[in-house]
Amino acid sequence: MLSVVLVSALVMVTQSAFVGTADQCEQITIRLCKDPDAGLWYNRTSLPNILGHETQDEAGQEVHQFFPLVKAKCSSSLQAFLCLVYAPECHDPSVPPTKPCRELCEDVFAGCEPLLRNFGFRWPARLECSSYPSRQSGEECAAPGMDRAVPTEDGGSPVTVPPPGPVTPSEQSCPCSQQTASAAQSAVQALTDSLERVLSAAEGLQQLQQETLNMQQANLRLETEKLELEIQLLRRRLIG
């Protein structure tokens, strides 16, 4: 009888623990990460993420600042990397979320940092690649299309665990070199057009200012001539 009670209690505790963990998971609502092009193998997340965001709304506001880079397609891995940072795979709340692999970050950095630098921006310090675990060193990390390296408990050689579900390798997501060049050319053309509009407006303003100055000078000459005429008339009256 006692054993039955103990087993029942154990089942209840296990179920409650499972429900508590499940309650921490929620469907991903961040538009950037719901996009199939992100290449994620999961559709549920749990917060806080590794940056400390407590809600998806909070994380979404920050991650969408990178949307122009995603549109520019500077790296086929960018979208997945951002989602692994801002909307990590649902995990046990008692342990921190699995960070993206350093190699994934470095791949994104190599493709997107030059574009940021060309427009006068720096790579965000919060996404510094050295802060992420290295897959080559056997540290646990996550990346689409890569097996996850998980250290063994006995300290032996790490084992690799494939990501759950089908994953499209990042190299297959887009022909990056052509799309990146095309996007960069479009961005440069847009900036050039904007600069031409600004210069044209400045030139028009300068012409308007010059015309206004010419009119003011003409009015000043007329006033001067009028004043000189009045002085001459006054002198004649005094002499006469």
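Here, each number is a calculation from the coordinates, and none is a lab measurement. Predicted, not measured: the structure shown is a model, and the values here were computed from it. Positions of Cβ are backbone-derived with ideal geometry, glycine not excepted, and every protein chain shown enters the neighbour counts.
Hey, if you drop one equal point scatterer on each alpha-carbon of region 95-146 and run the Debye formula without solvent, what base-10 log of I(q)/I(0) do you get at q = 0.23, 0.24 Å⁻¹?
Log10 of I(q)/I(0), two decimals: -0.86, -0.90.
Spin-label point model (7 Å from Cα, Cβ direction): what's the GLU26 to ASN118 distance in nm?
In this crude label model, GLU26 to ASN118 measures out at 3.8 nm.
Between THR55 and ASN214, what's the calculated FRET efficiency when r is the beta-carbon distance and R0 is 45 Å? Round to 0.05.
Computed FRET efficiency for THR55 and ASN214: 0.15.
If R0 is 41 Å, what FRET efficiency do you get for ARG221 and HIS64 from their C-beta distance, rounded to 0.05?
0.10
Return ASP37, ASP107 ranked ascending by Cβ neighbour count within 10 Å, so the fewest neighbours appear first.
Going from least to most buried by this count: ASP37, ASP107.
How many nm is it between the label spots at TRP41 and ILE231, if each spot is 7 Å from the Cα in line with the beta carbon?
A separation of 9.4 nm, rounded to one decimal place.
How would you rank ILE50, ILE28, ILE239, going from fewest to most other Cβ atoms within 10 Å of each one's own Cβ?
ILE239, ILE50, ILE28
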